[in-house]
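**Student:** The structure is given below, and queries will be raised subsequently.
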Amino acid sequence: MMLAPNVYDAEPIPEAARAEIDRMFASGDLFRYTCAGDSPVALLEREFADLLGAKYALAVASCSAALFLSLKALDLPRGARVLIPAFTFAAVPSAVVHADCVPVLVEVGDNYRIDMADFEAKLDGVEAILISHMRGQTSDMDTIIALAEAHGLPVIEDAAHSLGTRWHGRNIGTIGKIGCFSFQSYKLLNAGEGGILITDDADLIARAVIMSGAYEHNWKKHPVLQDRFANWQNKLPLYNTRMGNLSAAIIRPQLAEIPRRVRDGRRNHDHVAAQLNASPWLTVPDALEPELRAPDSIQFSLVDFSDEETVAFQDAAALRGIKVQVFGMSEDNARAFWNWQFLGKVPRLAKTRAMLSRACDTRLPARLTVADCDQIAAALVEAADEVKAEMLAYGT
């Protein structure tokens, strides 16, 4: 049997990063606020903001930290209710809890996007909206923003999986009041860990910068309206979740790789999706019309599969060397909302639960070739056909 493509190794870090890291090793200058001039972190913030079309950026330890600081920067009262989709990673409700707020979970439909009827029904009594573009799937941002504005609610975009995705030509992460991105090792830009938030609001970025750990007068090294910093100095807690220069040095040379990675990731996704959609047992939901995605994985749903068949499909794919994660068929999957026991009583959310019980996830990094993608698609289709054939034979 042919070896399955390796979907886990990341791309090599560009040589330019290694040269900058060697320079920092020689100087020991790893803290962003001790550089005589612009630190690598400050340069990353400027370059990332320019790339996305935002005024300000703040690089921090993780996307979770960016989400947490965004909520704190909004100055929400303790116990504020924050609307989030029920299909997201556990780090998202965790960030809400960390910010002393209460997550309100919204149903997600079988196309992996927010159920807009449930979204609208739950807006009363909410003080902020946190939209997760989970696995790069964009919900109806036109309706979300319109409803948010009508209710006077700020929108935070969790764009951890959506760097390079556009909505009506606009970069995801720039549609809401704040956008948050991830540099974790499986994301489009790989620093192992790391995150960044962007915004056009000077007061929000000033609050976030100070709370990130810009103590005393370190905030003077951030290019924001200085009077906003002075207004908040000594009035906000310091959470010390800064990014270090080493992480920034690893990320910066990868910025130039984004167009190529987006192009190849989209090619791989669409190539595999076409083959999966030709099977009667597998379906990849269409993108929404204004959405141009930048995927590095593929999500698809099993059609007319029982729980037993779903488990058998995972096993059959694994025997062909392809790992398939079914979000709702694991006791500890961090993307299944009923496993977020730290929230207390778990809501029923029947639509989301049904979707997650058949929604599959397989990595498709941009570095794969078309031949690799053909091998992955064939394995998935063959696994589904095998399970259905066996079940039919067993049933007769």
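**Student:** Within the chain, which DSSP H helices have Cα atoms that stretch 30 Å or more along the helix axis and a mean Kyte-Doolittle hydropathy of at least -0.5?
**Tutor:** Answer set is 370-395.
**Student:** I'd like to know how region 15-256 sits against the 2.2 N^0.38 Å rule of thumb: what's its Cα Rg over that expected value?
**Tutor:** Computed over Cα atoms of region 15-256, the ratio equals 0.99.
**Student:** Can you sort Thr310, Thr165 by how many other beta carbons sit within 10 Å, fewest first? List each step's numbers first, then the result.
**Tutor:** Working: Thr310 19, Thr165 24.
Listing Thr310, Thr165 from fewest to most nearby Cβ atoms yields Thr310, Thr165.
**Student:** Under a Cβ-Cβ cut-off of 9 Å, what is the net charge of the residues other than Tyr33 that fall near it, where Lys and Arg count +1 and Asp and Glu count -1?
**Tutor:** Summing Lys/Arg as +1 and Asp/Glu as -1 gives +3.
**Student:** Taking other Cβ within 10 Å of each residue's Cβ, how do Met243, Met141 sort, fewest first?
**Tutor:** Met141, Met243
**Student:** Taking K and R as +1 and D and E as -1, what net charge do the other residues with C-beta under 13 Å from the C-beta of Ala336 add up to?
**Tutor:** Overall, the nearby charge balance is 0.
**Student:** Pick from His269, His217, His98: which is most flexible by mean-square fluctuation in a GNM of the chain where alpha carbon atoms under 10 Å apart are linked?
**Tutor:** It is His217.
**Student:** Only Cα pairs under 8 Å and at least 6 apart count here; give the relative contact order of the chain as a rounded whole percent.
**Tutor:** 20
**Student:** For Leu255 and His98, what does the FRET efficiency come to when R0 = 30 Å and r is the distance between their Cβ atoms, rounded to the nearest 0.05? It would help to have the intermediate numbers written out before the result.
**Tutor:** Numbers: r = 29 Å, r/R0 = 0.96.
Step by step, r from the Cβ atoms, then E = 0.55.
**Student:** So how far apart, in nm, are the two label points at Glu11 and Val370 if each is 7 Å from Cα heading toward Cβ?
**Tutor:** Inter-label distance under the simple model: 1.9 nm.
**Student:** Of the DSSP beta bridges with both residues in the chain, give the percent that are antiparallel, rounding to the nearest 5.
**Tutor:** Percent antiparallel among DSSP bridges in the chain is about 65.
**Student:** For n ≥ 4 DSSP H runs only, could you compute -39500 (n - 2.57) per run for the chain, divide by its residues and tell me the 222 nm figure to the nearest 500?
**Tutor:** Mean residue ellipticity, 222 nm, calculated: -12000 deg cm²/dmol.
**Student:** Give me the extension gain from Arg23 to Ala393: residue separation times 0.36 nm, minus the current Cα-Cα distance, reported in nm with one decimal. Could you put the intermediate results ahead of the total?
**Tutor:** Working: separation 370, 0.36 × 370 = 133.20 nm, distance 6.53 nm.
Roughly 126.7 nm would be gained on extension.
**Student:** Expressed in nm to one decimal, what extension gain is obtained for the pair His168 and Ser306 from 0.36 nm per residue of sequence separation less their Cα-Cα distance?
**Tutor:** 45.9 nm
**Student:** Shifting gears a bit: How much length would be gained if the chain were fully extended between Thr34 and Glu386, taking 0.36 nm per residue of separation minus their Cα-Cα distance, in nm to one decimal?
**Tutor:** 120.7 nm
**Student:** If we count other beta carbons within 10 Å of each Cβ, what is the order of Asp304, Asp140, Asp374, fewest first?
**Tutor:** The fewest-first ordering by Cβ neighbours comes to Asp304, Asp374, Asp140.
**Student:** Here's another thing I want to ask about it. Across the chain, how many lysine pairs, 8 or more apart or on two chains, come within less than 23 Å at their alpha-carbon atoms?
**Tutor:** Step by step, the pairs that qualify in the chain add up to 18.
**Student:** Starting from the exponent 0.38 and prefactor 2.2 Å, build the expected Rg for region 257-395 from its residue count and divide its actual Cα Rg by it.
**Tutor:** Computed over Cα atoms of region 257-395, the ratio equals 1.12.
**Student:** Residue-wise, which Karplus ³J(HN,Hα) couplings in Hz belong to region 353-360, taking 6.51 cos²θ - 1.76 cosθ + 1.60, θ = phi - 60°, and x for glycine or proline?
**Tutor:** Listing the rounded values in order: 4, 5, 4, 5, 6, 10, 7, 10 Hz.
**Student:** For region 196-347, what D do you get in µm² per second when you plug the Kirkwood radius from alpha-carbon pairs into Stokes-Einstein at 4 °C and 1.567 mPa s? Please list the in-between numbers first.
**Tutor:** Values: Rh = 20.4 Å.
For the chosen part, D equals 63 µm²/s.
**Student:** Here's another thing I want to ask about it. Which value, in Å to one decimal place, does the Kirkwood hydrodynamic radius take for region 90-155 when every pair of different Cα atoms is included?
**Tutor:** Computed over region 90-155, the radius equals 12.5 Å.
**Student:** Enumerate the amide H contacts of Arg32 below 5 Å, restricted to partners 5 or more residues apart or on another chain; note that Pro and chain-start residues carry no placed amide H.
**Tutor:** Asn245
Values in this text are rule-based calculations from the coordinates and carry no lab data. Every value quoted in this text rests on a predicted model; they were computed, and no experiment measured them. Here Cβ is always computed from backbone atoms with ideal geometry, including for glycine, and neighbour counts include all displayed protein chains.
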